[in-house]
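Read through the structure below, which is laid out as structure tokens, and then see the notes.
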Amino acid sequence: MQATSNLLNLLLLSLLAGLDPSKTQISPKEGWQVYSSAQDPDGRCICTVVAPEQNLCSRDAKSRQLRQLLEKVQNMSQSIEVLNLRTQRDFQYVLKMETQMKGLKAKFRQIEDDRKTLMTKHFQELKEKMDELLPLIPVLEQYKTDAKLITQFKEEIRNLSAVLTGIQEEIGAYDYEELHQRVLSLETRLRDCMKKLTCGKLMKITGPITIKTSGTRFGAWMTDPLASEKNNRVWYMDSYTNNKIVREYKSIADFVSGAESRTYNLPFKWAGTNHVVYNGSLYFNKYQSNIIIRYSFDMGRVLAQRSLEYAGFHNVYPYTWGGFSDIDLMADEIGLWAVYATNQNAGNIVISQLNQDTLEVTKSWSTGYPKRSAGESFMICGTLYVTNSHLTGAKVYYSYSTKTSTYEYTDIPFHNQYFHISMLDYNARDRALYAWNNGHQVLFNVTLFHIIKTEDDT
């Protein structure tokens, strides 16, 4: 405790020595620029920013350090107060035990002098009791020492708090308010910057984070990328065939605990695991057909259905793992998509953008990548990313941009923790990949590269 007190004094002396108003400079020029963004395992957005040359007011920095030090001292003071109360309580207990021990010791001496007249059993019991109390003697001495140190430390903390408060008052409120406004301004600019981070190029996949273990080896789970921030419903569809039951949960927490809020009995069985929920509707491939179904959760009925012309189905052009995964429905920042293969395109992947209401194809792109050689695929910002396998060692191997109608081979590995992926879909709201990994529902974080034009760019 004494060492901690000395350390605080040294910190205070160092801080006071650095407070030189004559050396402060303020430069209003700031040029924060965002380089990239990502999402950490807790769901928070991370911006990589390029800061300008540091020429900020040193007085602001000292003021901030002073406030931080004052807060730490105040927190320590509260902790010491709690420790003091606890020590005083224990100290009173030990004093009481000391009194009892002294009385017992005197009685023990008296008994020892006349032990010949007492029964051996009683004598042994008293002796054992005495042996139990003897170790309390050094404990009592230590408590006495600690109580003195705590009292001394409390006094030093009280004095240091008063000094720091005085210094803060001498610096003045103007510097603090100016620093506070700088922080608010930076937060506003970062929020504005985040609004511009709508699209980017996939650079990295990290994870996975295992949310739950349930169901069969194959299935799908998802949230609505167009839902409000307060709406975190989860939908769960187990197996790739012979099922019509969709389970709904109000939140991820309810999903993990298994607290269902509602179930839906669809009018048709689905095929595969490549369904998507988008703007309150479920889009899925009707079993043994190339028909796409739009089902409204709120209305509880089918709103639209349409055949996807020439699309292979029923394991004609599935992903490498099979499972009637011929037609993959997905959504990104741009809208609703269907990924499939046709005989006309020699079994290679076709990308079609769909009207979310009518399911009409608004535009299509034919790629040269064989659908049967793809493990899974997903869309981010109008670019299709294709994995080369559903097994261990899988990586994003190929990408096709619908904006430029060009492709490139990539090498973006990711950890296939449970060895078999039967569903992999991007959620634009969460900036994450939802996956069904051999009976485990997992999330992958994605890192996107963004190029943002600032107001200073010409």
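The values are calculated or read from the model by the stated rules, or taken from the named source; none is laboratory data. This structure is a prediction, so every number in the text was calculated from the model and none was measured. No Cβ is skipped: glycine too gets one built from the backbone with ideal geometry, and neighbour counts run over all protein chains shown. Ligands, DNA and RNA are excluded from the accessible area calculation, which covers all protein heavy atoms including side chains. Shrake-Rupley method; radii C 1.70, N 1.55, O 1.52, S 1.80 Å.
For region 265-281, putting each phi into the Karplus relation 6.51 cos²θ - 1.76 cosθ + 1.60 with θ = phi - 60° gives couplings of 9, 5, x, 10, 6, 9, 10, x, 10, 9, 8, 8, 9, 9, 6, x, 10 Hz, in residue order, rounded to whole numbers and with x for Gly and Pro.
Label positions at Lys230 and Glu360, each projected 7 Å from the Cα along the C-beta direction, are separated by 3.6 nm.
Between Asn343 and Lys105, the simple spin-label model (points 7 angstrom out along Cα→Cβ) gives 10.4 nm. Pairwise Cα separations in region 201-449 fall into 10 Å bins from 0 onward with the following percentages, short to long: 8, 35, 40, 16, 1. Under 5 Å from the amide H of Asn315 lie the amide H atoms of Phe324, Ser325, Asp326, each residue being 5 or more positions distant or on a separate chain, with H modelled from the backbone and absent for Pro and chain starts.
Using a simple spin-label model with pseudo-atoms 7 Å out from Cα toward Cβ, Asp430 and Leu391 lie 2.8 nm apart. Computing the accessible area with a 1.4 Å probe over protein heavy atoms, can you report the carbon and sulfur percentage for region 309-458? Of all accessible area on region 309-458, carbon and sulfur atoms account for 49 percent. Charge tally for Trp235 (other residues, Cβ to Cβ under 9 Å; Lys, Arg +1; Asp, Glu -1): 0.
So if we plug the beta-carbon distance of Tyr264 and Arg158 into 1/(1 + (r/R0)^6) with R0 = 56 Å, what FRET efficiency do we get, rounded to 0.05?
Once rounded, the FRET efficiency stands at 0.30.
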